[in-house]
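Heads up: the structure comes next, in C-alpha cells.
The values are calculated or read from the model by the stated rules, or taken from the named source; none is laboratory data. Bear in mind that the values here come from a model prediction, so they are computed numbers and not experimental data. Don't worry about glycine lacking a Cβ; one is built from the backbone with ideal geometry, like all the others, and counts go over all protein chains shown.
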Amino acid sequence: MTKTAVCICSGGIDSTVAATIASREGYELHLFHASYGQRAEKKEKEAVGEIAAYLGAKDLKCVEIAFLKELGGSALTDITTEVPVAEEVNLEEKETPSTWVPCRNLILLATASAYAEVISAEALFVGFNAEEARAYPDNEKEFVDRYNAVLEKAVASFSQPPTVKAPLVDLFKPDIIKKGIEVEAPLHLTYSCYSGGEKHCGICESCLRRRWGFREADVDDPTEYIHAKES
Ligand SMILES: [Zn+2]
C-alpha cells in the first residue's frame, strides 16, 4: 500500500532535505507551501515548484494564510521594518529575532494537518531543526511531541491523525547539508534569502546560516550571493 506524506516546504534547505528524506523512505509526496505575505514569497514559490518536480511529488498544494501579514509583528511580512543584516545578525543568539513570524509554525502545521486529514496522509514532514530551535521555540522536539498529542483530538473520529515527523530536529545546518548530500536532496534548487531578491543577498540571517552551513560542511555552495563578503 502507498504511504502518503504531506511535506511542508518553504523552498529552503531544511524543509527540502526533510521532504527528500520522506521520498527516500518510500512516501508518496504531497508538498505543501504557504503564502503568508513574506517578502520572499515569489522566489520561495518558484523554488518549491522546481523541488516538487525534481522529487516527483504527486501534488503541490499552495495555500494562502495571508492574515499573518495582516496581523503583523514580523520583519518578514512588514516592509516598514528592516530585516537585520550582516553585523546586526548573531547566529549564536538565543533571543528570538525580529524576523520571527508570530505563531507561524503552529498555524502552518494546523493548516497542513487539515490537508493531511483530507488526503488521509500518514505523516507530515517538517524541516524543524536544532539550528533554528536555538532562537525559535517552535522548532524544538518538545513542540513536535506536544503538537502530535494535540492532533489526536484534532481530527474526526473516522480519521487517523497524521504523525508529524521532524527528521532534522537534532541537527545543525552543516549536518543538515551533509544529510542533504547523502539523500541527494536538490540543494541547488533551494532558496533561503529573507529579502526575496532574484539572487540571495548573502547577509540576512537566513543567508548567513546557509553560507556557514555549506562552509562548515565542507561542501561547495552552489549559491550566487549579491554580497560576496558576509559583513
Ligand atoms: Zn538573504
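For every residue, the table says whether it meets (1) at pLDDT 95 or above; (2) assigned to a helix (DSSP H, G or I); (3) within 18 Å of Ile177 (Cβ to Cβ).
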site	(1), (2), (3)
Thr4	yes, no, no
Gly11	yes, no, yes
Ile21	yes, yes, yes
Glu44	yes, yes, no
Ala47	yes, yes, yes
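Quick one: count up the residues across region 118-137 that are crowded, with 20+ Cβ neighbours inside 10 Å and at pLDDT 95 or above.
Number satisfying all stated conditions: 7.
Could you tell me whether Ile226 is crowded, with 21+ Cβ neighbours inside 10 Å, at pLDDT 95 or above and either within 22 Å of Leu108 (Cβ to Cβ) or aliphatic (A, V, I, L, M) (or both)?
So Ile226 fails the test.
Checking the conditions here, which among Ser15, Ser98 is among the hydroxyl-bearing types (Ser, Thr, Tyr), at negative phi and not in a loop (DSSP other than H, G, I, E, B)?
The match here is Ser15.
Sort out which residues of region 56-95 are in contact with a Gly (Cβ under 8 Å, 6 or more places away or on another chain) and hydrophobic (A, V, I, L, M, F, W, C), and write them in order of number.
Leu60, Ala66, Leu68, listed by residue number.
Between residues in region 62-74 that are farther than 12 Å from Trp100 by Cβ and residues that are part of a helix (DSSP H, G or I), which pairs lie under 7 Å by C-beta distance while being six or more apart or on different chains?
As it stands, the answer is Cys62/Lys45; Val63/Thr111; Ile65/Ile107; Ile65/Thr111, since those pairs meet every condition given.
Sort out which residues of region 180-202 are touching a helix residue (DSSP H, G or I) at 6+ places or on another chain (Cβ under 6 Å) and either part of a loop (DSSP other than H, G, I, E, B) or under 25 Å from Tyr147 (Cα atoms) (or both), and write them in order of number.
Residues of region 180-202 that are touching a helix residue (DSSP H, G or I) at 6+ places or on another chain (Cβ under 6 Å), as a first pass: 180, 183, 185-187, 189-194, 196, 200-201.
Of everything in region 180-202, those that are touching a helix residue (DSSP H, G or I) at 6+ places or on another chain (Cβ under 6 Å) and either part of a loop (DSSP other than H, G, I, E, B) or under 25 Å from Tyr147 (Cα atoms) (or both) turn out to be Val183, Ala185, Pro186, Thr190, Tyr191, Ser192, Cys193, Tyr194, Gly196, Cys201.
Can you tell me which residue is nearest to Ile21 (Cα to Cα) among those in region 155-179 that are of a type in the set (Gly, Ala, Ser) and either in contact with a helix residue (DSSP H, G or I) (Cβ under 8 Å, 6 or more places away or on another chain) or in a helix (DSSP H, G or I) (or both)? Break it down stepwise before answering.
Let us first name the residues in region 155-179 that are of a type in the set (Gly, Ala, Ser), namely 156-157, 159, 166.
From what is left, the residues that are either in contact with a helix residue (DSSP H, G or I) (Cβ under 8 Å, 6 or more places away or on another chain) or in a helix (DSSP H, G or I) (or both) are 156, 159, 166.
On the way: Ala156: 28, Ser159: 25, Ala166: 10 Å.
So the residue we want is Ala166.
Give the residue that is farthest from the chain's Cα centre (by Cα), with candidates limited to residues of region 76-96 that are in contact (Cβ under 8 Å) with a residue 60 or more places away in the chain and surrounded by 12 or more Cβ atoms within 10 Å (Cβ to Cβ).
Per the criteria, the residue is Ala86.
Can you report the number of residues in region 178-224 which are touching a residue at least 60 places away in the same chain (Cβ under 8 Å) and near the ligand (Cβ under 9 Å from one of its atoms)?
Number satisfying all stated conditions: 13.
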